[in-house]
Amino acid sequence: MDIISRISERSSTLRLAEQKVAEAILGDLSAAASASIGELAEKAGVSVASVTRFAKAMGCRDVREFKFLLAQAVAVGQRFFDGAKTLPSEQPPELADVVYRDIHAVLELNRAMLNPDMLMQAAHLLQGARMIYCFGMGGGSTMMSDEARYRLVRLGRPVATYHDAVLQKMVAATLDKEDVLLVFSTTGSVPELLASCEVAREYGVKLIAITALGSPLARLADVLLPIKTLETDLIFKPSSSRYAMMATLDMLVLELALLHKESSQERLRRLKYVLDAHRGGGDLHQPLGD
């Protein structure tokens, strides 16, 4: 139950005394979560009985359950309740500097976490794989799993991407020891993704994880390429964590390409030739399909 949304949606249909309770709670969620029933009643200017009726109107058994749900919601969402308060006073183009600073900070942090030996192990696994399967769920992780497919196919690697939880589990059940799973997750704790990875591991599939250090997914990985998110209180700005995943992926693909330079060079030359013919141009430094 999202108790805060329920209060907002239902408050206008309540009796006046209960509306006052809703107004008092929404006016200061943190204080309401820690207040006693008497303090909440006094703040709203109503009786204790009105607070009790309000809690039941929100679908709770009693005030205790209501306060528990409220405290839980505040703990999870405090960063978003305070988001407008932390909005920088700058306006574009100064806001661009805020975005660029966050990107730079997350890249610097994750550069320090890079383990060259793990990167090389992961590249060798991808090179020797009969088939590479890229899994990701959520926003940035889904995007990165697709990005991995785009990158790997340029080097002639057999690769497929799956995002749907049920389809991931179905695919995992068909794999064997010659396949490799490349998994993206900023948190490393998505239950459906973990379940699919566990199925694949049962069949001896090697797992490369680009995920948070110490996460459940990290513990499943044969090779861990750790990332660290660096979120700020500016909730209106998209997460910079995807840059950490993208940088790690780029380094991994570079290592893979260098394992067999001649074959990689030839495949990339073919790509360039076909794209130049398609675009009708011959700029040497145009990207290879980006």
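The values are calculated or read from the model by the stated rules, or taken from the named source; none is laboratory data. Please read these numbers as outputs of a predicted model, since none were measured by experiment. Neighbour counts are summed over all protein chains in view; Cβ atoms, including those assigned to glycine, are modelled from backbone coordinates with ideal geometry. With ligands, DNA and RNA removed, areas are computed over all heavy atoms of the protein, side chains included. Shrake-Rupley method; radii C 1.70, N 1.55, O 1.52, S 1.80 Å.
Take the conditions (1) open to solvent by 50 Å² or more (accessible area, probe 1.4 Å); (2) among the small types (Gly, Ala, Ser); (3) at pLDDT 95 or above; residue 75 misses just one of them, which is (3). Among all residues of the stretch 154-168, there is none that is within 19 Å of the chain's Cα centre (by Cα), in contact (Cβ under 8 Å) with a residue 60 or more places away in the chain and over 18 Å from residue 249 (Cβ atoms). Within the stretch 158-197, the set of residues being over 20 Å from residue 140 (Cα atoms) and open to solvent by 40 Å² or more (accessible area, probe 1.4 Å) comprises 158, 169, 170, 173, 174, 176, 177, 178.
Scanning the stretch 200-231 for residues that are under 24 Å from residue 176 (Cβ atoms) and polar (S, T, N, Q) gives a single hit, 211. Per this entry, residue 228 is not counted among residues that are within 20 Å of residue 124 (Cβ to Cβ) and open to solvent by 90 Å² or more (accessible area, probe 1.4 Å). Kindly indicate whether residue 211 is buried (at least 22 other Cβ atoms within 10 Å of the Cβ), touching a residue at least 12 places away in the same chain (Cβ under 8 Å) and under 20 Å from residue 153 (Cα atoms). No: the conditions fail for residue 211.
Pull up the stretch 6-45, narrow it to residues that are hydrophobic (A, V, I, L, M, F, W, C) and open to solvent by 30 Å² or more (accessible area, probe 1.4 Å), then point me to the one that is nearest to residue 75 (Cα to Cα).
31
Per the conditions (1) open to solvent by less than 50 Å² (accessible area, probe 1.4 Å); (2) part of a helix (DSSP H, G or I); (3) at pLDDT below 95; (4) not charged (D, E, K, R), the sole criterion not satisfied by residue 109 is (1).
When the stretch 95-104 is filtered for residues that are open to solvent by less than 40 Å² (accessible area, probe 1.4 Å) and either under 13 Å from residue 229 (Cα atoms) or outside any helix (DSSP H, G or I) (or both), the ones remaining, listed by number, are 102, 103.
Please go through the stretch 46-62 and give me each residue that is touching a residue at least 24 places away in the same chain (Cβ under 8 Å), open to solvent by 20 Å² or more (accessible area, probe 1.4 Å) and either part of a helix (DSSP H, G or I) or among the small types (Gly, Ala, Ser) (or both), ordered by number. Matches in the stretch 46-62: 47, 53, 57, 59.
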